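Each remark here refers to the structure printed beneath this line.
The values are calculated or read from the model by the stated rules, or taken from the named source; none is laboratory data. Nothing here was measured: the structure is a model prediction, and the numbers come from that model. Glycine also receives a Cβ, built like all others from the backbone with ideal geometry; neighbour counts cover every protein chain displayed.
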Amino acid sequence: MLQLISHIGLLAHLAVTPSVPEPSAPRVVPFDTTISISTKLSGIALNLESGGRVRIVGGATKEVRVQVTDHGKHCADCIVAVSQMQNAISVRTGRARTPGELADLQIQVDVPTQTNILLTSAGGQVEIEGIDGFVSGTTEFGALQLLRLSGAIKLETKRGDVTIRQSYVRGSVHTSDGRVLMEDVGGGVQGTSSRGRVVERRVERVSTVQ
């Protein structure tokens with residue numbers, strides 16, 4: 001429990017850190033940038049105000065690469081800003097002329113395996129794979145697809161299915177309207193749905209009581 005609280009404190013720090021200057025100037029889509037990490041990356045915060053399909057993949061790398069492209073209809077006023085402050089990184093998307101309007105974007109983020117993630121999306125499918133850390137976030141709609149995670153998670157979609165596979169985690173996943181599928185999962189994770197089934201296949205829970 002104490003470790004989970006410390007993770008929450010770290011993500012709270014990530015949420016406010018990017019507000020400190022100096023952020024990079026927003027750039028238009030398509031966007032592609034790579035940031036070399038000289039020290040251990042504490043985490044990455046993503047605020048996707050224009051929504052879109054996001055895929056976050058952890059791997060054996062010392063870099064963070066962010067790619068944003070048009071997935072369908074061209075978005076002439078879509079902008080992306082990536083900021084680095086100490087050992088945290090912020091990624092923001094939005095629209096210059098029509099703030100709050102969603103866009104059909106494809107967002108790919110490659111990070112070191114041991115990275116904490118804080119995600120806020122206006123809507124769209126979320127895929128997270130190969131992360132060892134604390135992963136927290138919400139999307140207004142869209143499926144959550146989680147694979148090969150370890151650490152702690154707290155993820156929610158307001159409309160869409162949730163699938164978690166091949167993971168050893170503690171925490172929770174929730175959908176307000178959709179199915180939850182947990183398959184080959186260990187640890188102390190709970191899956192809930194306000195309006196849908198919760199399906200468990202080969203789930204082993206470990207008690208946290210000493």
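Quick notes on this one:
- The set of residues in the stretch 148-159 that are in a strand (DSSP E or B), of a type outside the set (A, V, I, L, M) and over 14 Å from Asp177 (Cα atoms) comprises Ser150, Gly151, Lys154.
- Residue among Ala25, Ala12 that alone is at pLDDT below 95, under 20 Å from Asn87 (Cα atoms), out of contact with any Phe, Trp or Tyr (no Cβ under 6 Å at 6 or more places or on another chain) and part of a helix (DSSP H, G or I): Ala12
- Residue count, the stretch 133-163 (criterion: closer than 11 Å to His174 by Cβ and of a type in the set (Phe, Trp, Tyr)): 0
- With respect to the stated conditions, Glu140 fails to be without any contact (Cβ under 8 Å) to a residue 60 or more places away in the chain and charged (D, E, K, R).
- With respect to being under 17 Å from Ser136 (Cβ atoms), in contact (Cβ under 8 Å) with a residue 40 or more places away in the chain and surrounded by 21 or more Cβ atoms within 10 Å (Cβ to Cβ), Ile107 falls outside the description.
Quick grid of which residues meet (1) assigned to a strand (DSSP E or B); (2) surrounded by fewer than 24 Cβ atoms within 10 Å (Cβ to Cβ):
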{"position": "Gly94", "(1), (2)": "yes, yes"}
{"position": "Gly100", "(1), (2)": "no, yes"}
{"position": "Val111", "(1), (2)": "yes, no"}
{"position": "Leu118", "(1), (2)": "yes, yes"}
{"position": "Gly124", "(1), (2)": "no, no"}
{"position": "Glu127", "(1), (2)": "yes, yes"}
{"position": "Gly137", "(1), (2)": "yes, yes"}
{"position": "Phe141", "(1), (2)": "no, yes"}
{"position": "Leu146", "(1), (2)": "yes, no"}
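- Ser136 being among the small types (Gly, Ala, Ser) and under 16 Å from the mean Cα position of the chain (by Cα): yes
- Residues that are in contact with a strand residue (DSSP E or B) (Cβ under 8 Å, 6 or more places away or on another chain), at pLDDT 90 or above, surrounded by 15 or more Cβ atoms within 10 Å (Cβ to Cβ) and within 23 Å of His71 (Cα to Cα) are absent from the stretch 33-43 altogether.
- For the stretch 172-183, the count of residues that are assigned to a strand (DSSP E or B) and farther than 20 Å from Gln125 by Cβ is zero.
- Residue within the stretch 59-73 that is over 30 Å from Val189 (Cβ atoms), out of contact with any strand residue (DSSP E or B) (no Cβ under 7 Å at 6 or more places or on another chain) and not charged (D, E, K, R) present: yes
- When restricted to residues that are surrounded by 15 or more Cβ atoms within 10 Å (Cβ to Cβ) and assigned to a strand (DSSP E or B), the stretch 185-210 contains 9.
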